[in-house]
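A short worksheet on the structure shown next.
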Amino acid sequence: MGLRQLAAIFLGATTLLACAGSGRADAGDGESPPASPAEVAAVVPVSFDPAALADREWRLVALPGADAVVVPDGTQAMLHFEAQPDGSWQASGHGPCNQLSTPVAFSGDAIEFVRIASSKRACAELALETAWVERMRAGKGVAKLDGKRLEISRDGAAVMVFEAGPVD
């Protein structure tokens, strides 16, 4: 039985107990039907496990959104996530022009690139790299891992998409 199913059962049991204690059979507002187990499960937060990011090279493949930036095939931009001995996380990698490194904070499904340090070289793809780093610096995002695809979103819209490959 999965975490979502257990959470749905717990929430359902809690709701039943609350209704039983109210002395009312309907215990609702009289206008809305009670939530189905699927609806209850949909609002249960699922923690993101950053360990799933380790031991892989995460190649930047898209910068979608209202201010989308095209990431051409073969673009050399990647991150590697590594757990530190104190339990914190560090990401290091490179864009088309520069090396970068940053502590990464995870909380639930939130991800935040804390202090990005990078070299300062110019190249033909500097605009792409600048757009990527600006999105990393924009604050907390929501991390979603689907197989070999990592999507980071803000306000419900993807802002960075990575694909996993083996670490070179």
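The numbers here are math on the coordinates, done by the rules we state, and not lab data. If you're wondering where the values come from, they're calculated on a predicted model, not measured in any experiment. Cβ: placed from backbone, ideal geometry, glycine included. Neighbour counts: every protein chain shown.
General observations
- Separation between Cα centres of the stretch 148-168 and the stretch 57-72, rounded to whole Å: 9 Å
- Gain on full extension, evaluated as 0.36 nm per residue between residue 92 and residue 51 minus their Cα-Cα distance, stands at 13.2 nm.
- Residue ranges 48-60, 85-97, 64-76 sort as 48-60, 85-97, 64-76 when ordered by packing (mean number of other C-beta atoms within 10 Å per residue, highest first).
- When all alpha carbon pairs of the stretch 50-166 are counted in 5 Å bins from zero, the resulting P(r) reads 2, 12, 23, 27, 22, 10, 3, 1 %.
- DSSP-assigned coil residues among trypsin sites (Lys or Arg not before Pro) in the stretch 113-154, each with at most 12 further Cβ atoms within 10 Å: 115, 120, 121, 148
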